[in-house]
Amino acid sequence: MPAAASPPAVPAPSDAPLHERTPVRVALLGCGVVGSQVANLLLEQSPDLGARVGAPLQLVGVAVRDLTRPRDGVPAELLTDDAEALVDTADIVVELMGGIEPARGLILRALARGASVVTANKQLLAEQGPVLFEAADAARADLSFEAAVAGAIPIVRPVRESLAGDQVNRVLGIVNGTTNYVLDEMTTQGMDLDDAVKRAQELGYAEADPTADVDGFDAAAKAAILASLAFHTRVSIHQVAREGIRGITSDDVDWARRTGYVLKLLAIAERTGEGVAARVHPALVPTDHPLAAVRGAFNAVFVEAEGAGPLMFYGQGAGGRPTASAVLGDVVSAARDRLIGGKGPQESAYASLPVLPSDAAVTRYQVRLEVADRTGVLAQVAGVLAEHGVSIDTVRQSEALTAPFEAEPASEPAPGAVPDEGEPVARLVITTHAAREASLAATVAALEGLEPVRQITSVLRVEGV
Ligand SMILES: NC(=O)C1=CN([C@@H]2O[C@H](COP(=O)(O)OP(=O)(O)OC[C@H]3O[C@@H](n4cnc5c(N)ncnc54)[C@H](O)[C@@H]3O)[C@@H](O)[C@H]2O)C=CC1
Ligand SMILES: N[C@@H](CC=O)C(=O)O
Ligand code: NA
């Protein structure tokens, strides 16, 4: 990739009035949901931002794909479809196009010139972080990405900088606004998953391809970034165990409520004696847990550190304006660094701990199943769990339950199952104590083969108990 020969000018500190100082030139790549808000805020708040930096912040151009499309509040003369040429004019490049290419090439081009980069691109960071960080180190330039994790919430900087003197043991939270919005709409409005996703797209929460949200890729990228920062170990998105919310049904949402839980898509990164692990999956969270109260596109992240103890970060995890706030914080910070000729703190991967496979994870589970309603079946089911070393916390049978449980009509047997004519079916809801993921998987496989079991309706993890 050819790079321009001369490095961008670094304005020196000056005693001159602000408007006479050499401006810091900012180039914006992408003018979508987030980019348009960043452009507007940069233009509207230019005097304040300049005063905070100590030099004017000048938006020198905005790279777009379609020059003919009007962009609210962004003068047409700032628009260009030549992103490479724009990169070559800037001191700070703000990448808000998303995806891998051309974002990756343009970021590397900017860094090769010595320009600083601000990005919200978690997908790129979680897949190709090391290449980008090495380029930033070589250039002694900032590569900042607060907006890439949990939108407006300051979480990257606190984990990387404020907790640099502590040992982080666990990071757990809701880091995807779209799925939290969707699950919330399903729970409180009875909305169908597809309709809720469409609405999240309209509200600017979803990725360009909302599959990234629904199937947990976006949360997995954020989990990888958080795990890398928290444990000083490179964790890529491919090392994060991932399960999205596509399989969550209105029945799951309903049963969560009946049993005292709320369904949330969680990202969990933890340090164990053997290494570190990161996972993303839907989980049942008790209704009195603070995560249960996180509504709409809000995010919340708990960090547990050795000295600090538990910390909680909460705020808007998606949407143009909130995300633009995090982007601009990074722009101001990068501009300040350029004025003093320095570079902010970057990636630290010195610990290089082993990254563990997902079946080593230990958590509690809720298993819902339908069984033939006969004497001794419960003992048989309990026996299977015991054989696999999975300890039962509670078992509930729907017919025996009083409020808030209602008697359930017997449902259809599973395809292929041959129940006795008119045989009653009981619904069991089993909550386990903490078990290894591998043991639980073996238990479920064994239950599926047990004669009185008609159907395993769902297996969900339980967190926050
Ligand atoms: N929307 C949100 O709430 C948040 C988004 N992000 C991240 O911010 C980035 C941008 O997201 P959105 O603004 O939501 O996406 P978007 O799809 O609304 O905007 C991206 C824009 O970049 C433009 N673009 C793509 N390739 C281009 C190219 N080669 N040249 C010029 N323009 C190009 C597209 O036409 C589009 O207008 C992504 O990395 C996303 O993951 C991060 C946090 C929150
Ligand atoms: N699509 C993402 C946007 C922010 O990162 C989300 O829904 O959280
Ligand atoms: Na953030």
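The values are calculated or read from the model by the stated rules, or taken from the named source; none is laboratory data. As the structure is a computational prediction, the values presented were derived from the model and not from experiment. Quick reminder, even Gly has a Cβ in these numbers, built from the backbone with ideal geometry, and neighbours come from all protein chains shown. Ligands, DNA and RNA are excluded from the accessible area calculation, which covers all protein heavy atoms including side chains. Shrake-Rupley method; radii C 1.70, N 1.55, O 1.52, S 1.80 Å.
For ALA16 and ALA438, the difference between the fully extended length at 0.36 nm per residue and the C-alpha to C-alpha distance is 145.3 nm.
Amide H contacts for ARG461 (H built 1.01 Å from N in the peptide plane; partners 5 or more residues away or on another chain; cut-off under 5 Å): LEU284, GLN366. For segment 7-113, the list of trypsin sites (Lys or Arg not before Pro) that fall in a loop by DSSP and count at most 12 other C-beta atoms within 10 angstrom reads ARG65.
The dipole here belongs to the chain: it is taken about the Cα centre, uses +1 on the Cβ of Lys and Arg and -1 on the Cβ of Asp and Glu, and is about 1260 debye. Subtracting the Cα-Cα distance of ILE456 and HIS289 from their residue separation scaled by 0.36 nm leaves 57.4 nm.
Accessible area ranking (1.4 Å probe, heavy atoms, ligands and nucleic acids excluded), largest first, for HIS281, HIS238, HIS289: HIS238, HIS289, HIS281. Extents of segment 132-179, largest first, come to 36, 29, 15 Å (Cα atoms, principal axes, whole angstrom). Taking a Cβ cut-off of under 12 Å around MET191, the surrounding Lys, Arg, Asp and Glu residues balance to a net charge of -3, with basic ones at +1 and acidic ones at -1.
Using the Cα atoms as the points, what is the convex hull volume per residue of segment 156-316 in Å³?
Numbers: hull volume 18.2 nm³, N = 161.
Per-residue hull volume (Cα only) is 113 Å³.
Along the axis of the charge dipole computed for segment 143-290 (Cβ charges of +1 for Lys and Arg, -1 for Asp and Glu, origin at the Cα centre), the listed residues ALA164, PHE145, THR178 are led at the positive end by ALA164. Placing pseudo-labels 7 Å out from each Cα toward the beta carbon at SER250 and GLU423 gives an inter-label distance of 3.0 nm. DSSP assigns beta bridges within the chain; of those with both partners inside it, close to 70 percent run antiparallel. Looking only at GluC sites (Glu not before Pro) in DSSP loops with at most 13 other Cβ atoms within 10 Å, what is the longest site-free stretch of the chain? Answer from the scan: 1-273. Net charge dipole, segment 156-316: roughly 400 debye, given to the nearest 20, about the Cα centre with Cβ charges of +1 for Lys and Arg and -1 for Asp and Glu. Size check on the chain: the Cα extents along the three principal axes, sorted descending, read 88, 47, 38 Å. Using R0 = 56 Å, the C-beta based FRET efficiency linking ASP209 and THR375 works out to 0.60. Mean residue ellipticity, 222 nm, helices only, the chain: the sum of -39500 (n - 2.57) across DSSP H runs of n ≥ 4, divided by residue count and rounded to 500, is -9500 deg cm²/dmol. For ASP72, the shell of other residues with beta-carbons less than 14 Å away shows a net charge of +2, using +1 for Lys and Arg and -1 for Asp and Glu.
Could you tally the net charge around ALA136, taking each other residue with its Cβ under 9 Å from the Cβ of ALA136, Lys/Arg +1 and Asp/Glu -1? Result for the local shell: -2.
What the phi angles of segment 72-82 give under the Karplus curve with 6.51, -1.76 and 1.60, with θ = phi - 60°, is a coupling list of 3, x, 10, x, 4, 5, 7, 7, 8, 9, 10 Hz, glycine and proline written as x. With all protein chains in place and ligands, DNA and RNA left out, the 1.4 Å accessible area ranks SER352, SER439, SER398 as SER352, SER439, SER398, largest first. Measuring only protein heavy atoms, the 1.4 Å probe finds MET97 accessible over about 70 Å².
Within 10 Å of each candidate Cβ there may be at most 15 other Cβ atoms; applying that plus a DSSP loop requirement, which trypsin sites (Lys or Arg not before Pro) in segment 137-182 survive?
Here the sparse-neighbourhood loop sites are ARG140.
Simple rule: put +1 on each Lys or Arg Cβ and -1 on each Asp or Glu Cβ in the chain, find the dipole, and look at VAL395, PRO452, ASN40; the Cα lying farthest toward the positive end is ASN40. Separation of segment 142-210 and segment 267-291, taken as the distance between their Cα centroids, equals 15 angstrom. Contact order, relative form, for segment 156-316: 33 percent (alpha carbon pairs under 8 Å, 6 or more residues apart, mean separation divided by residue count). Mind checking which of THR272, ALA324, THR287 is farthest towards the positive end of segment 261-328's charge dipole, using Cβ charges of +1 (Lys, Arg) and -1 (Asp, Glu) about the Cα centre? The Cα lying farthest towards the positive end belongs to ALA324.
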